[in-house]
Number of protein chains: 2
Amino acid sequence: MTETALLARRKKLLGAATLFYEQPAHIVRGDGVFLYDDKGKEYIDLYNNVPCVGHANPHVVAAMQEQMSTLNVHSRYLHEGILDYAERLLDLHSANFDNVVFACSGTEASEIALLMARYATGGRGIICTDSTYHGNSAEVRKMSRVSLSGSPIDEDYRAIPFPQSYQSVAGHLQGEALTDYYLAKVQAAIDDFAENNIPLAGLFVCSIFANEGLPDIPPGFMEKAAAMVKKAGGVVIADEVQAGFCRSGHWWGYQTSGFVPDIVTMGKPMGNGLPISAVAASAELVSAFRDNTRYFNTFSSSPLQAATGMAVLDVIDNENLLERSAEVGAYLRAELKRIQSQSEVMGDVRGCGLFIGVEWVSDRESKTADRAGAVRVANRLKDKGFLLSNAGALGNVIKIRPPLVFKKEHADLFLTAFDEMLGEL
Amino acid sequence: MTETALLARRKKLLGAATLFYEQPAHIVRGDGVFLYDDKGKEYIDLYNNVPCVGHANPHVVAAMQEQMSTLNVHSRYLHEGILDYAERLLDLHSANFDNVVFACSGTEASEIALLMARYATGGRGIICTDSTYHGNSAEVRKMSRVSLSGSPIDEDYRAIPFPQSYQSVAGHLQGEALTDYYLAKVQAAIDDFAENNIPLAGLFVCSIFANEGLPDIPPGFMEKAAAMVKKAGGVVIADEVQAGFCRSGHWWGYQTSGFVPDIVTMGKPMGNGLPISAVAASAELVSAFRDNTRYFNTFSSSPLQAATGMAVLDVIDNENLLERSAEVGAYLRAELKRIQSQSEVMGDVRGCGLFIGVEWVSDRESKTADRAGAVRVANRLKDKGFLLSNAGALGNVIKIRPPLVFKKEHADLFLTAFDEMLGEL
């Protein structure tokens with residue numbers, strides 16, 4: 001089937017579902033960091049965080065196959081697998097969590113976290129950022145940029161400008177003064193809820209502000225913001241769906257950003273592609289949720305989720321992917337910074353671990369966001385066999401977020417192509 | 001680990017997550033309609049609709065294993081698998097659907113259906129029943145009995161009494177008069193929305209009212225109720241999460257109940273345990289949804305969902321499970337009715353296909369619901385090696401809903417145990 005015919009067939013069956021690239025990629029096979037299209041063209045994957053231990057990882061496939069051949073059933077029967085997995089997940093956290101609630105998607109985890117925060121505090125008000133995305137349900141969409149841009153924000157939510165050092169809305173403030181500027185926005189949201197008799201439930205942020213564009217966070221902001229929210233009676237929810245599982249060079253984004261959340265949500269990479277998500281918190285917070293909801297999720301806390309999740313953790317441990325995320329990420333960031341010194345349009349190179357953002361601008365002086373330029377970069381690199389995308393509040397940030405099994409040798413191939421692409425722009 | 005220790009460990013790690021049975025079952029292996037506990041005890045599964053083609057079905061396991069070894073990635077690349085699956089799903093419907101939107105859970109499908117109905121009609125008002133459950137998100141929970149019992153229903157929802165012939169709230173009305181009684185409730189909800197300037201979005205019901213207790217629906221009710229809602233500018237959403245995939249002896253519950261929905265949600269059995277759900281509707285309705293939401297779901301529309309879903313459909317076809325659901329279900333229902341004639345506490349035996357409800361009452365005359373009795377039945381049958389549960393608006397309906405591979409020989413074993421259990425009560 002030609003690509004045109006395939007696109008038409010897709011439109012006919014799925015409607016206008018979103019696609020990447022001017023000429024969409026028709027991917028048929030994956031292996032480690034490589035993806036292959038229907039014509040056999042090889043791509044290095046610099047985008048996909050879900051298959052964190054690599055496409056078609058054999059250890060994960062074997063674990064799934066074994067569990068599916070043995071048992072996969074709902075969680076109203078006893079099963080040890082999910083307990084072993086919950087225990088292992090909790091042990092990976094430096095924050096003091098006791099219990100896990102499993103679900104299938106990041107959206108479902110966000111729903112749980114919102115209910116948990118609200119039942120635990122008795123409050124309703126949630127502070128989020130003005131450029132975030134935590135999922136697609138009716139309630140969770142109230143926080144998302146998609147809904148913010150179209151309609152007034154719901155009365156139970158207040159959006160603060162996300163903290164950043166590069167394209168700051170705070171003029172020329174720097175260092176502590178910049179931190180204070182953003183902290184004042186948090187306090188204003190707390191005060192505004194109080195004035196409107198909306199009791200505070202908490203702060204809900206991606207711990208590394210991934211959708212906002214992975215900004216350099218002004219020093220100490222998250223620690224101080226979390227303290228403010230707790231002082232006002234709220235809880236702090238860290239969305240680790242993108243940030244977690246060694247992505248940032250630490251196990252969790254909250255470690256990278258230096259704060260201690262009360263609740264974390266986890267998702268995307270947990271099952272290397274199997275739908276798994278989870279929420280971890282103290283026993284007190286989880287009780288507030290469970291006692292009020294009698295929550296049950298047909299497909300979650302299953303033996304299949306447990307076996308698959310465990311296999312992913314095995315590979316992360318056995319292949320030292322935490323260390324590699326930090327090391328390969330640092331190498332790639334340093335090399336991109338080297339290239340940046342010769343490029344007027346690479347406004348900023350930043351990130352943590354194997355999550356790097358390159359902000360595309362008209363020029364270094366005006367820093368005018370160049371979304372079209374970022375889109376062009378993604379498309380040209382795709383032609384050269386490297387898959388990535390653009391993201392961020394203004395859509396002008398090149399998003400580099402490969403599977404964790406991405407190595408220095410892959411980085412070098414990418415850097416050569418990137419350099420070449422720059423010369424052709 | 002002793003059962004007591006296992007329960008304590010579960011409480012410590014998961015909090016107060018719900019469990020079945022006085023002495024919870026510790027299931028470690030499954031095969032077809034059989035489940036086995038840690039001591040090797042064999043159970044015949046009369047409860048689980050999710051593993052519809054049988055526990056650990058080898059054809060499904062092989063398809064998952066092959067796809068996971070090849071590719072599993074998000075849907076912003078082109079892939080033919082999900083198109084083949086969407087086409088096959090659409091072909092199975094007698095209602096006139098064009099497009100499919102895939103998701104992971106029934107809750108997510110309900111969220112999509114609600115947004116679709118609202119964007120398509122421009123309305124907000126949703127009519128549901130007073131004893132339903134369509135999922136656990138903040139928005140979907142507004143329809144659920146769990147939330148109804150605790151808090152006043154949201155202004156965008158009106159709950160009607162679910163249609164039934166046995167424990168009717170309509171006194172001694174029968175036949176058409178009973179139908180008219182329930183239709184008047186639908187009209188009252190439509191009128192109430194109009195009076196409160198809440199434009200109607202639609203009617204959202206399980207097509208066989210499974211959670212309500214699988215009632216005998218007064219004749220013609222669903223067809224006429226659907227017509228009323230459409231005349232008033234709403235759309236009709238059939239929740240096929242429990243009712244679909246041959247469960248009712250037809251492919252879809254709406255065929256069993258005799259109406260044509262505008263939107264269907266599908267879920268539980270689709271992936272035999274892999275999280276898959278979907279919404280099907282006309283191209284016009286799906287456009288209203290996609291254009292307004294730019295909906296994307298990380299784990300859905302994936303090659304893994306497609307391959308697994310296709311394998312489930314293969315087994316249903318190859319093993320004639322549609323016919324078997326109708327035949328074995330009819331046999332089991334007839335035999336239970338025979339037993340009922342000698343039992344004062346089996347108030348009603350009803351259902352469709354391999355979904356049977358037995359209403360437990362104090363006596364035939366007063367029909368007083370006996371929830372404790374139904375719970376006792378489930379526990380005694382579990383001891384005898386047969387797994388089922390109690391359900392329904394009053395919790396007094398024995399719910400018999402085995403995997404579709406359940407055969408006459410399994411029914412006979414169950415009937416013997418059921419008869420024995422009755423004698424011991």
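Every number here is computed from the coordinates shown, using simple stated rules; none is lab data. Because the structure is a prediction, the values reported are computed rather than measured. Counting neighbours? That spans all protein chains shown, and the Cβs are built from the backbone with ideal geometry, glycine included.
Charge dipole (Cα centre; +1 on Lys/Arg Cβ, -1 on Asp/Glu Cβ; no other charges) of the protein assembly as shown amounts to roughly 240 debye. Of A:Lys382, A:Lys367, the sequence from fewest to most neighbouring Cβ atoms within 10 angstrom is A:Lys367, A:Lys382. Starting from the Cα gyration tensor of region A:134-234, take the square roots of the eigenvalues, sort them a ≥ b ≥ c, and report rounded, prolate or oblate (rounded when a/c is under 1.5, otherwise prolate if a/b is larger than b/c, else oblate). Since a/c reaches 1.5 but b/c is at least a/b, the shape of region A:134-234 is classed as oblate. Rounded to two decimals, the Cα radius of gyration of region A:58-318 over 2.2 N^0.38 Å is 1.02. Of A:Asn379, A:Asn292, A:Asn136, which has the largest mean-square fluctuation in a 10 Å C-alpha GNM of chain A? The residue that fluctuates most here is A:Asn292.
Here the label points at A:His172 and A:Thr4, each 7 Å from Cα along the C-beta direction, are separated by 5.6 nm in the simple model.
A run of chain A free of exposed loop cleavage sites, with GluC sites (Glu not before Pro) counted only in DSSP states other than H, G, I, E and B and at most 14 other beta carbons within 10 Å, reaches its longest extent at A:156-343. Each copy carries a label point for B:Asp154 at 7 Å from Cα toward Cβ; from one copy, the others' points are 0.7 nm away, ordered from shortest. Within chain B, DSSP assigns beta bridges of which about 65% are antiparallel (rounded to the nearest 5). With the label put 7 angstrom out from Cα along the Cα-to-Cβ vector, B:Asp412 ends up 7.1 nm from the copy partners, going from closest to farthest. Straight-line cross-link partners of A:Lys185 among the lysines, defined as a Cα under 21 Å from its Cα and at least 8 positions apart when in the same chain: A:Lys142, A:Lys224, A:Lys230, A:Lys231. In the elastic network of chain B, a GNM with C-alpha springs shorter than 10 Å, the most mobile of B:Asp38, B:Asp239, B:Asp192 is B:Asp38. Spacing of the modelled spin labels on A:Asp314 and B:Thr18, each 7 Å from Cα toward Cβ, amounts to 3.3 nm. For A:Ala227, inter-copy separations between label points set 7 Å beyond Cα along the Cβ vector come to 7.0 nm, shortest first. Remark: region A:415-425, residue by residue, has Karplus-estimated 3J(HN,Hα) of 4, 4, 5, 5, 4, 4, 4, 4, x, 8, 5 Hz, where x stands for each Gly or Pro and the curve is 6.51 cos²θ - 1.76 cosθ + 1.60 at θ = phi - 60°.
Within the same chain, aspartates and glutamates fewer than 8 places from A:Lys268 are excluded, and of the rest, those with a Cα less than 15 Å from its Cα are A:Glu108, A:Asp239, A:Glu240.
Take chain A, connect every pair of alpha-carbon atoms lying under 10 Å apart with a spring to form a Gaussian network, then pick out the residue of A:Met143, A:Met266, A:Met64 with the largest mean-square fluctuation. Maximum fluctuation in the GNM of chain A, among the listed residues, is at A:Met64.
Taking every residue in A:276-286 and counting other chain Cβ atoms within 10 Å of its Cβ, the average works out to 2. Inter-chain Cβ neighbour count for A:132-141, averaged per residue, equals 5 (cutoff 10 Å, partner chain atoms only). Here A:Lys337 is the anchor, and the lysines within straight C-alpha reach of less than 28 Å, apart from those fewer than 8 places off in the same chain, are A:Lys367, A:Lys382, A:Lys384, A:Lys399, A:Lys407, A:Lys408. Its Cα gyration tensor gives region A:300-425 an equivalent ellipsoid, and the semi-axes of that ellipsoid, as √(5λ) in whole Å with the largest first, are 31, 16, 13. Each label point was placed 7 Å from the Cα along the Cα-to-Cβ direction; for A:Ala188 and A:Asp412 their separation is 5.0 nm. The equivalent ellipsoid that matches the C-alpha gyration tensor of region B:13-148 spans semi-axes of 32, 26, 15 angstrom, in descending order.
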